[in-house]
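The values are calculated or read from the model by the stated rules, or taken from the named source; none is laboratory data. What you see is a predicted model; the values in this text were computed from it and never measured. Reconstructed Cβ throughout: ideal geometry from the backbone, glycine too, with neighbour counts over all protein chains shown.
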Amino acid sequence: MSATNQLLGLPTGVAVGSAGRILVANNTGGTVVQIDPETAQQVVLSSGGCLGGPFGIAVVRKLELRAPTLLPDGSFKFFVFGEPGQAYLLEYSTNFNTWFAAGTVTNVTGLSEFIDPIVPGHPCRFYRVRSK
């Protein structure tokens with residue numbers, strides 16, 4: 001994909017590299033920046049010139065439930081992966097029709113743990129998460 005950086009008026013190329021890393025190239029200055037989508041860390045891979053001003057990239061994380069685990073005491077643990085600083089509402093259902101609040105987490109670092117305690121009489125639950 002190519003576009004024009006509106007801030008600088010310079011041609012810019014964007015591509016996805018290995019391991020999902022985002023590559024941003026400035027054709028005029030010859031600068032290539034690699035951005036890790038998990039950490040948003042930016043590394044300048046090459047620089048043949050100067051951007052001549054600020055260059056910003058917004059990394060938007062997708063919302064996911066990760067690493068579901070049934071614990072020895074029967075409780076259920078998973079991680080919420082999303083935007084750092086965002087509050088999320090966790091919900092559960094036994095039939096996909098009616099949803100109930102299971103709890104909330106504020107995602108401080110981008111990955112937050114959630115444990116749903118043992119609930120007698122409910123051997124099967126389905127989970128979803130949404131922004132609060």
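A few comments on the model shown:
- Counting only strands (runs of 3 or more DSSP E) that sit completely within region 72-114, those holding 2 or more residues that are buried (at least 17 other Cβ atoms within 10 Å of the Cβ) and among the aromatic types (Phe, Trp, Tyr) correspond to 76-81, 86-93.
- Answer residue from region 71-87, given it is under 17 Å from Arg125 (Cβ atoms) and touching a Leu at 6+ places or on another chain (Cβ under 8 Å) and is modelled with the lowest pLDDT among those: Phe76
- Some residue of region 92-113 being of a type in the set (D, E, K, R), free of Cβ contacts under 8 Å to residues at least 60 places away in the same chain and farther than 30 Å from Asp36 by Cβ: no
- Going through (1) touching a Gly at 6+ places or on another chain (Cβ under 7 Å); (2) in a strand (DSSP E or B); (3) modelled with pLDDT under 85 one by one, Val43 falls short only on (1).
- Every pair of residues 6+ apart whose Cβ atoms lie under 6 Å, when the first sits in region 65-83 and is without any contact (Cβ under 8 Å) to a residue 40 or more places away in the chain and within 11 Å of Val129 (Cα to Cα) while the second is in a strand (DSSP E or B) and of a type outside the set (Ser, Thr, Tyr): Phe79/Arg66; Phe79/Ala67; Phe79/Leu111; Phe79/Glu113; Phe81/Glu64; Phe81/Arg66; Phe81/Leu111
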